[in-house]
Structures are given as structure tokens and as C-alpha cells.
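The values are calculated or read from the model by the stated rules, or taken from the named source; none is laboratory data. None of the values given here were measured: they were computed from a predicted structure. Quick reminder, even Gly has a Cβ in these numbers, built from the backbone with ideal geometry, and neighbours come from all protein chains shown.
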């Protein structure tokens, strides 16, 4: 066991050996690693997950290390190394392997070099591209004298003819920029182009503006092109960081709007671990930024595991339950198919829309019933029993869903209101400091209690989603008992917080609230996590 | 002056001055950002002789984002929606480059008519027709060109009068096939619709038995 434990430690810290370790392990061993890692290593509860919050600058530093490594190994500029890494989705090993194998083709793919080389190789390229597509021929022909042409473009024509930017057709522009391909455009167009790529398309891979030119702008070039627009460049850097984060399975970007923090959580990165743990993490920017590393739901959905939580949210979102309601409460007009709800009255129905008259029981036309005194004489014993069974079944399943959904939604609503309670509590705390002789530090118990209530309400909310999917057996009963305990404890504490304060009872209230606040996590644990493995 | 406006004005001027290409660009209203382009159907294709009009909208971020184009003239082509005129062409999407112009884009549309890409279709039914029976597809495309784009009609077809549209030829079907199912008592328009949907053309006719068609017709 101890060797197993060391193994997991290695895997945790030594990222470079990651793949090798996985090859050695078979599936079950790596699943066990997760348990070992969490419990004995950190001496914390099994539901607590080790994670680290990183700021954008910290991630940039990580990127910087990778870039430095590559630029050191290949002997290239850091900007070039960055583009190479980006093209290989930040997979250093693969890049090194391929680069050592064929540096030219890797550079071409990364948009660093032109595919056409002067002299010897040019004829080869011409031959291959010529046969592929006729339109390529012209560019290949140009490439024949590629080097000469670029040189020519770079030096003399400035005097002969004023430069006309091929994009904005402005001949008064004097400042131009070009990538290594020599496609010159005015600085203003480059600026507008990069801004549009970064802002509108969210693209960090900015190619040359010329048609079919695959050359990519380096960070330095982008910065120069954007000029004074520093916010666009910041966005560009953020996009690069996001790309880096999305390529690394141990990292996740905080899903809260405009938050730029990243969370590193290697234990929540494997799919198999998600069936036993719920990796709830928070980012360093704001304590409210809690999210699940496994499924990106921006809330603490314990005790429900990711798969079930997703299933439940999906169920609540789509219209399947609306359809269920319609199915159990309505019938369709057999002529025009409009949906009809019978909310009283006799069985002689007249469709509001097409005026079709029919019998609610047999759905046949009313004219055939004649004067049958509102009782259907075409009553088919079996068919009607079947119909009623189907209807009551779907009604029962609907009711079951609504039972859980209402409680789920109720707790969500209450948790939202707790936020409001927060501000009220603050006022109350001030008041308490004045009326009784408690100090600021002594009234903090109120705030703690509100936090606890909020946390428990979130958990309670998800226990209802879990209960919906639990099979009916002894364990479910146990689960429901625990759920009830927690619910009661939360309601009691909630009531205490809301109660009015008078100077005499303040101390007693403090005692009670503190007592409940301390006890709540104990109940909370028993509710959620003894049963995690159930689903 | 605004760079976008200057560029568009220059592009319109360029198109006007170049008469050899037979490509025109005209303003729709007062704004230079909503235009109507037109070009002739390429020679040696079913679209030859047709005059095709394209609706052009120039977005605010032009030329850094692509122009929006769609056919006003109905075109029977795998990469053009036969209902809406929407065009499936890479340079109108991710392969756009700011150096491309209205003229070069219209020329690209012209060459799209020369070389359809049935594997990346906009209109799946037309693409199926193209894949199963090229000759029948070309005949239909020629008929559409004749009806909608003012192209020359096939000598045999013109007999029925230029203005009356032959629904059967429009859908690229054989008159005998439609007559056969109509004789079974189904509405003519429904027969045409079903046969078109099932791609009842060329080699496919042998694969689809009559029961399958009737089943579809009864739905």
C-alpha cells in the first residue's frame, strides 16, 4: 500500500512522467490512487479536494517556463517557441519529437515559415502544388524567384510609386507592416484586422491578411499592430492563457464572467475519479466563485456526482416534463389536433377551434352518440382501462418529479434570499454591538451562521435531485432521514438568525446560534457523504 | 473619410470601369453597404447564358470580416439553397481574407457554378440529384437557368411557352414517372414532392419500388 501511495504522489507532482505512469497502471489502480491521495496525504475529510488557484500572471509564468524550455532546446526566439507550442496544443514532448524529426514542416505548419523555399526546394514544391490545384500554380511561380521578389519589394519601390494599401486603398499612408512573407499592408489596416480577430472572433492565431497566406503573427507583431490599444493586447494575452488552460487537463478556467483566474486540480481531472468524488473548487479572486472542476456547473452540487447533476439540470431544463403534464391532462381534438384541457362540464366537447363536436370518453364524433344522455355507448372496456392506466401512470411520475423539483427550486430560492439576509445580518450585527456590550469579534457568529445556512441549503437542494434518482430501498430511507435532520437543523438555525434581538437575550441567542452552527456541519457530512457511493 | 466607405466606393468604381468581366455591382438604395451584384453564367456549364443576381450586404467590420452574399436569382446547384439562395463557399466564411474584393468574390461565385462541391452541400436534395444522375441534374439546372436567369431554353422545352413553368422539369423528374403515380389517384403536386424527396432519378428508380413510393404518398 505504501508503494502505491508513493506512486500516486509521483504522478501528482511529476507531470512529465504522466503518460509513462498511466501506461504502467491499469485502470483500477489509478482509481485507487485517487482515494489514497485524498485521504491520508492531506489528513482531511474524504470529500475535500486538493486544488490550487492560480492568477493569470501565475499561468503566464507557467507558459513562460514552457516557452523558455523550447526556445532553449531549439535555439529559437521565445515568440517563435510560443507559436510552435500553440500549434502543438502545448504538448512539449510531441513538439520536440516532431521538431527533431522535421523542423521545416513543423515550422510551416505553425505558420512560422513559408512553404516555398528558394533555390533547390522550390522546383519540387512547384511540381507538387501544380498538380494539386491549378490556382496554386501562380503562387508557386512567384515563389520561383521568391527571395528576389521579397527583396525587391522591401527596398526600391518606395520612391517610384506611393504605396497604396491593397485593403483600404489609401495612398496617403506611409507606415506599413508585413510579416516575413512580405505582404505589406498599412499599419491602420493591420490594427483594425487584429482588433477584429481578437475582439470579434476571440482568435489568438492571427494569420497574414493576404489570401491563402498561412504565416502567423508573433506576440511582438500583434503588440506592434495594436499600438496604443493595450486592452486589446491584454485580451490577446488572455486568449493565449485560455488556450493553454484548455489544453491542460489539470487546469480549468473559472467559469464566472470576467474572472481571469485558473484552478489547478489534478485529482479531479480524470473521468474515473468523477464517479466517486465531487471536485468542488473555488478561485482565489472571489470566495463566491465556487464551481465543480468535473462538470463546470457554477455551484456546489454535492452530494450529487457530476453525471447525475447534469442529468437533473437537463431534465429541469428541457420541456419533457411540460410535455408530460400536457400528456396527463389533455387530449387532442381528433380533427384539428389542437390540445384540449377538460376543466369541467360534460363529455360533449366542442373544439373551440374547428367546432368539431366529439365525446371526451371515446373521442368519437358526437353525432353518432345521438341522444345517449351523456354516457358513451361505444364504451370499450379494455381500451378505456388501458387509457386510464397510462394516464394515471404518467400523472404519478409527473407528481413524483414535481415533488422533488419544487423542493429543489425552493431551496435554491431560499439560498438566494440568504444573500439578502446577509446584508440584513450585517445591520443586525452593528445593532447588537450597540445594544449589548458585545465586541465586533463577538458578533461574528451571526455571519458564520448565515454562511453555514447558505452552504447547507445548497447541499439540501441537490439532495432532492439525488433522491429523485435513488432507488427505493433501506438506504434511501436512511438518506431521507439524514436529509430531514439536516433540513430541520437548517430551518432552526435560519429561524434563530431571523429572530429579533433584545439586549437581555443576546447572549443566550449567541450561545444557541453558535451551538447550532457548530453542529450543522456534522449533520451536513452525514447527509451527503455517507451516501455518495450510492448513486 | 471612413476606410470602409472609401474601400467600398473604390470597389464599386473598379467594377464599373471593368466591362470585360461582365460583372456589375449596383446600389440597392442610397447606402453603399447594401448592393446588388450580377454576373453571367459560365460557359460550358448548364448555367451558360443566364444572368445571375446576388444580394450583397457589407458588414460594419468589412473588410476584416467577410461580406454577406446570397443569390437573388434561383439557382439549381448543390452548394446553393434552392429555397433561400444561401451560398456555401469557404471564402464567405473562415477562408475570407481582407484582400479579397467584391469583384473577386463574385468571380469565385461564378467559378463555384463551374465546379460544384456535392460533398459539402448547402442543398442536400440537389446534391443527391447531382450525385445520382449528372445528366438529369444538368438538364434541370439548365431549365432553372432558362426559367429564372433568362437563359436559352432547350429546343424541346420551349414549345410549351417560355412563361409557363413545368413543375416536373423544375424538380428534375421524368414526366412518365409523375404521370404513373398521378394515375393512381394522388395529387400531382404531392407526387412531385415525394419523388423529389426520395430522389426518384436515374439509377435510383430501380432501387425504389412502387410500394415504397405509395407508402410515402399515403403519409
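Miscellaneous remarks
Residue-by-condition table, conditions (1) at pLDDT 65 or above; (2) over 30 Å from residue A:466 (Cα atoms); (3) in contact with a helix residue (DSSP H, G or I) (Cβ under 6 Å, 6 or more places away or on another chain):
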residue	(1), (2), (3)
A:494	yes, no, yes
A:498	yes, no, no
A:502	yes, yes, no
A:505	yes, yes, no
A:514	yes, no, yes
A:517	yes, no, yes
A:522	yes, no, no
A:528	no, no, yes
A:535	no, no, yes
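- Residue in the range B:1-20 that is touching a residue at least 60 places away in the same chain (Cβ under 8 Å), in contact with a strand residue (DSSP E or B) (Cβ under 8 Å, 6 or more places away or on another chain) and part of a loop (DSSP other than H, G, I, E, B) present: no
- Among all residues of the range A:41-61, there is at least one that is within 28 Å of residue A:286 (Cβ to Cβ), touching a helix residue (DSSP H, G or I) at 6+ places or on another chain (Cβ under 8 Å) and at pLDDT 90 or above.
- Total residues in the range B:79-116 satisfying the condition of being outside any helix (DSSP H, G or I) and either away from chain A (no Cβ under 13 Å) or closer than 30 Å to residue A:168 by Cβ (or both): the figure is 21.
- So residue B:31, is it part of a helix (DSSP H, G or I), closer than 28 Å to residue A:196 by Cα, free of Cβ contacts under 8 Å to residues at least 24 places away in the same chain and not assigned by TED's automatic domain parsing to the domain that holds residue B:199: no
- Qualifying residues in the range A:168-191 (those that are at pLDDT below 85 and at the interface with chain B (Cβ under 8 Å from one of its Cβ atoms)) - the one surrounded by the most Cβ atoms within 10 Å (Cβ to Cβ): A:168
- Within the range A:63-79, the set of residues being in contact (Cβ under 8 Å) with a residue 24 or more places away in the chain and under 17 Å from residue A:243 (Cβ atoms) comprises A:63, A:66, A:70, A:79.
- Here residue B:79 does not qualify as free of Cβ contacts under 8 Å to residues at least 24 places away in the same chain and outside the structural domain of residue B:197 (by TED's automatic domain parsing).
- Residue, surrounded by the fewest Cβ atoms within 10 Å (Cβ to Cβ), within the range A:445-463, restricted to residues that are in contact (Cβ under 8 Å) with a residue 40 or more places away in the chain and over 23 Å from the mean Cα position of the chain (by Cα): A:448
- Residue match in the range A:192-202 (condition: touching a strand residue (DSSP E or B) at 6+ places or on another chain (Cβ under 7 Å), within 14 Å of chain B (Cβ to nearest Cβ) and at pLDDT 85 or above): no
- Residue list for the range A:212-228, filter: surrounded by fewer than 16 Cβ atoms within 10 Å (Cβ to Cβ) and within 12 Å of chain B (Cβ to nearest Cβ): A:212
- Residue check for residue B:2: within 12 Å of chain A (Cβ to nearest Cβ) and surrounded by fewer than 14 Cβ atoms within 10 Å (Cβ to Cβ): yes
- Unique match (being surrounded by 17 or more Cβ atoms within 10 Å (Cβ to Cβ) and either within 17 Å of residue B:80 (Cα to Cα) or within 15 Å of the chain's Cα centre (by Cα) (or both)) among B:23, B:56: B:56
- Of all the numbered requirements in (1) surrounded by fewer than 19 Cβ atoms within 10 Å (Cβ to Cβ); (2) modelled with pLDDT of 85 or more, residue B:153 misses one, and that requirement is (2).
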